[in-house]
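Novice: Got a structure for you, written out below as structure tokens; questions coming shortly.
The values are calculated or read from the model by the stated rules, or taken from the named source; none is laboratory data. All values derive from a computational prediction rather than experimental measurement. Neighbour counts are summed over all protein chains in view; Cβ atoms, including those assigned to glycine, are modelled from backbone coordinates with ideal geometry.
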């Protein structure tokens with residue numbers, strides 16, 4: 001009985017999991033880096049994405065397919081800077097997969113390719129649930145995406161030498177399309193410069209800095225710690241006098257805090273995709289920025 | 001190695017973790033149900049997590065085994081408190097357990113509000129996931145479970161209230177980190193619920209069988225459907241428990 005059950009299970013899994021041909025097996029931790037891996041790897045790669053845009057990437061529910069992919073991956077594309085500290089180190093260690101151990105070519109960190117902002121000068125425990133290496137939410141500045149793409153193209157070529165020319169060609173193609181798109185985005189972002197906004201917390205930093213949005217305040221100043229009653233009272237007083245244009249919320253944030261403040265001070269909430277898949281329109285990296293800028297521009301009108 | 005082989009190799013550590021947890025929790029759960037204190041595991045788990053956060057707050061650098069010590073010490077203190085309340089106010093013991101749960105959980109929020117660095121990670125430190133089980137954890141669990149079984153089946157009648165709460169605190173602190181709080185609660189309570197109308201002599205064996213089959217079926221279903229394993233196992237055990245419960249004949253009862 002037990003054996004027959006195991007055999008049935010085995011047959012079912014086998015039917016579903018047989019790879020069509022020898023592709024490079026990639027485990028990406030976020031939807032954005034998964035999307036980038038597909039852009040750069042084309043049909044030479046098979047990408048599994050561990051989290052969707054609407055999940056908090058700090059936490060992950062253990063699904064069998066995730067553990068299975070960690071064991072068989074040729075390349076892990078992580079965000080890094082401690083974003084996945086809650087689960088990726090455990091997963092990689094328990095997978096026993098030597099190919100993707102941190103420090104080896106099979107382990108790629110996007111954050112290593114860019115300069116991080118908000119790096120604390122001293123790790124002070126009073127600052128909240130901060131990231132000692134700096135702010136890890138780098139994907140919302142298109143200049144960062146270009147840097148990460150350059151590094152990832154080189155890495156793909158390095159671990160899969162027979163297809164190196166293919167990756168180089170795809171990488172160059174991506175860069176030229178990205179540069180054109182960036183010209184378009186810079187034009188769309190120009191009128192947004194200096195617009196006063198309120199954010200939930202620092203995961204919109206790169207976006208605000210790239211566009212030049214004027215961050216008046218954060219609803220949750222210490223990441224991961226609910227704001228106190230005193231802080232919220234002071235915030236509403238301050239913002240009633242000095243009104244922002246909008247309250248920015250990421251699709252994965254709980255809407256309660258933003259909506260509460262919106263009712264208090266009579267300022268609209270703008271929901272941004274934050275990540276590929278965060279809104280129905282943000283289907284890939286290009287539409288992620290198109291949609292983000294469209295939503296911001298509409299709110300300013 | 002294909003995904004298929006990887007899938008099979010995932011099942012075995014998780015199944016082993018489930019069986020180890022079941023070995024201690026099925027008999028413990030029958031006691032818990034008899035005493036009417038079913039939420040004690042949730043309270044103890046929160047107290048253990050609070051212990052880790054307090055240790056961190058007062059400046060102890062916690063690594064590996066020090067974390068375990070802090071968690072177990074806190075859980076034991078919580079167990080002592082519950083022994084005391086059971087003696088002094090037995091009529092409201094379950095309510096007091098509920099209050100302890102809420103106090104321990106909110107104390108963590110208050111402590112982390114002032115000293116929150118790494119708070120998220122600390123909170124998750126004691127919340128295990130059955131697929132993440134490491135071989136170190138399995139080894140530790142196996143040793144603890146062997147000790148538990150020896151103590152339980154030799155001295156249970158002479159253990160008294162203090163002994164029960166101490167054993168319970170240690171085992172739950174271990175199991176929550178191994179399989180997470182949902183599975184701990186389920187493994188504790190559901191087999192006991194499924195078997196309490198069966199003949200007294202068969203309850204333990206039936207409870208063990210239910211737990212083992214549920215972990216196996218739940219993990220298999222989780223691999224096939226690719227849904228989070230803990231939740232699938234919880235549902236598998238609940239459904240199988242209903243079937244098992246219905247097979248009890250009133251004549252079987254003592």
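Novice: Being more than 14 Å from chain B (Cβ to nearest Cβ) and assigned to a helix (DSSP H, G or I) is the filter; apply it to the stretch A:203-224 and report the residue that is surrounded by the fewest Cβ atoms within 10 Å (Cβ to Cβ).
Specialist: A:209
Novice: Looking at residue A:151, is it touching a helix residue (DSSP H, G or I) at 6+ places or on another chain (Cβ under 7 Å), modelled with pLDDT of 95 or more and part of a helix (DSSP H, G or I)?
Specialist: yes
Novice: Of the residues in the stretch B:145-166, how many are under 14 Å from the mean Cα position of the chain (by Cα) and at pLDDT 95 or above?
Specialist: 2
Novice: Going by what's in this entry, would residue B:132 be described as free of Cβ contacts under 8 Å to residues at least 24 places away in the same chain, under 17 Å from residue B:31 (Cα atoms) and either surrounded by fewer than 24 Cβ atoms within 10 Å (Cβ to Cβ) or within 14 Å of chain A (Cβ to nearest Cβ) (or both)?
Specialist: For residue B:132, the condition - free of Cβ contacts under 8 Å to residues at least 24 places away in the same chain, under 17 Å from residue B:31 (Cα atoms) and either surrounded by fewer than 24 Cβ atoms within 10 Å (Cβ to Cβ) or within 14 Å of chain A (Cβ to nearest Cβ) (or both) - is not met.
Novice: Another one. Given the conditions (1) within 14 Å of chain A (Cβ to nearest Cβ); (2) more than 17 Å from the chain's Cα centre (by Cα); (3) part of a helix (DSSP H, G or I), which single one is not true for residue B:227?
Specialist: Unmet for residue B:227, out of (1) within 14 Å of chain A (Cβ to nearest Cβ); (2) more than 17 Å from the chain's Cα centre (by Cα); (3) part of a helix (DSSP H, G or I): (3).
Novice: Shifting gears a bit: Pick out the one residue from A:141, A:163 that is surrounded by 17 or more Cβ atoms within 10 Å (Cβ to Cβ) and more than 23 Å from the chain's Cα centre (by Cα).
Specialist: Numbers: A:141 fails: more than 23 Å from the chain's Cα centre (by Cα).
None of the others qualify; the one that does is A:163.
Novice: How many residues are over 12 Å from residue B:48 (Cβ atoms), surrounded by 15 or more Cβ atoms within 10 Å (Cβ to Cβ) and without any contact (Cβ under 8 Å) to a residue 12 or more places away in the chain if we restrict to the stretch B:64-102?
Specialist: 1
Novice: Mind checking which residues of the stretch A:44-68 are within 7 Å of chain B (Cβ to nearest Cβ), in a helix (DSSP H, G or I) and touching a helix residue (DSSP H, G or I) at 6+ places or on another chain (Cβ under 7 Å)?
Specialist: A:64, A:67, A:68
Novice: Any chance you could count how many residues in the stretch A:45-69 are in contact with a strand residue (DSSP E or B) (Cβ under 7 Å, 6 or more places away or on another chain) and closer than 22 Å to residue A:148 by Cα?
Specialist: 6
Novice: Also, quick follow-up: Taking the criterion of being over 25 Å from residue B:152 (Cα atoms) and either within 14 Å of another protein chain (Cβ to nearest Cβ) or surrounded by 22 or more Cβ atoms within 10 Å (Cβ to Cβ) (or both), would at least one residue in the stretch B:195-217 satisfy it?
Specialist: Yes, some residue in the stretch B:195-217 is over 25 Å from residue B:152 (Cα atoms) and either within 14 Å of another protein chain (Cβ to nearest Cβ) or surrounded by 22 or more Cβ atoms within 10 Å (Cβ to Cβ) (or both).
Novice: Give the stretch A:6-43 a look and list any residue that's within 14 Å of chain B (Cβ to nearest Cβ) and either closer than 16 Å to residue A:164 by Cα or at pLDDT 95 or above (or both), or say none.
Specialist: Correct list: A:22, A:23, A:25, A:26, A:27.
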